[in-house]
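Some notes on the structure that comes next.
The values are calculated or read from the model by the stated rules, or taken from the named source; none is laboratory data. Everything quoted here is computed from the prediction, not taken from an experiment. Cβ placement follows ideal geometry from the backbone for every residue including glycine, while neighbour counts extend to all protein chains displayed.
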Amino acid sequence: MRIEGDLAKRTLLSALPVTPQPATDTVLSNSVVLVGVDPRGEVRSAVLRDRSGSKDADAAALKLAGEMRFEPERSDVDGTTAAREMKLTRGAVAFRWLTVAAPSPNSVVGP
């Protein structure tokens, strides 16, 4: 995962469980999500900019981007800046997907 733009200057507080995606016939590109974060560090907007080639991977990227939490701006420690204005820090989050082979329909799982 890579954070770009002004958002890269903010510290990410939440760990994101980015899971491998099932392999497909095509190589997956990065899912890139445009994100707007408020002064409290909460994501207020997340829009898919670049598709990966997998609807599931793109949906996972949007979900993960929406769950991100960043360090609040210093001027917002007491919450007054957020109440005064909703200025968003904007940037892009690029998710680089690892793929794993899908289980064979003939494979046995468990005892």
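Residue by residue, here is whether (1) at pLDDT below 85; (2) on the phi < 0 side of the Ramachandran plot; (3) surrounded by 11 or more Cβ atoms within 10 Å (Cβ to Cβ); (4) assigned to a helix (DSSP H, G or I) holds:
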site	(1), (2), (3), (4)
ILE3	no, yes, yes, no
VAL18	yes, yes, yes, no
ARG44	no, yes, yes, no
ASP78	yes, yes, no, no
Practice prompt. Please work out which one of (1) of a type in the set (D, E, K, R); (2) over 22 Å from LEU13 (Cβ atoms); (3) touching a Lys or Arg at 6+ places or on another chain (Cβ under 6 Å) is the condition ARG49 fails and give its number.
Written response: (3)
Discussion item. Condition (residue is more than 20 Å from SER14 (Cβ to Cβ), in a strand (DSSP E or B), of a type outside the set (Gly, Ala, Ser) and modelled with pLDDT of 65 or more) applied to the stretch 88-107: is it met by at least one residue?
Written reply: yes
Item to complete: Taking the residues in the stretch 46-58 that are exposed (fewer than 15 other Cβ atoms within 10 Å of the Cβ) and among the charged types (D, E, K, R) as candidates, determine which candidate is nearest to PHE70 (Cα to Cα).
Response: ARG49
Fill in: Cross-chain or 6+ apart pairs with Cβ under 6 Å, the stretch 62-74 first and in contact (Cβ under 8 Å) with a residue 60 or more places away in the chain, then outside any loop (DSSP other than H, G, I, E, B) and among the hydrophobic types (A, V, I, L, M, F, W, C)
PHE70/LEU12; PHE70/VAL37
Item to complete: Output the residues belonging to the stretch 1-26 that are without any contact (Cβ under 8 Å) to a residue 40 or more places away in the chain and farther than 18 Å from LYS63 by Cα.
Response: ASP25, THR26
Worksheet item: Given the residues VAL32, VAL27, VAL37, which is the only one that is β-branched (Val, Ile, Thr), under 14 Å from SER54 (Cβ atoms) and surrounded by 14 or more Cβ atoms within 10 Å (Cβ to Cβ)?
Response: VAL32
Fill in: Within the stretch 20-42, considering residues that are modelled with pLDDT under 85 and outside any strand (DSSP E or B), the one farthest from ARG90 (Cα to Cα)
ASP25
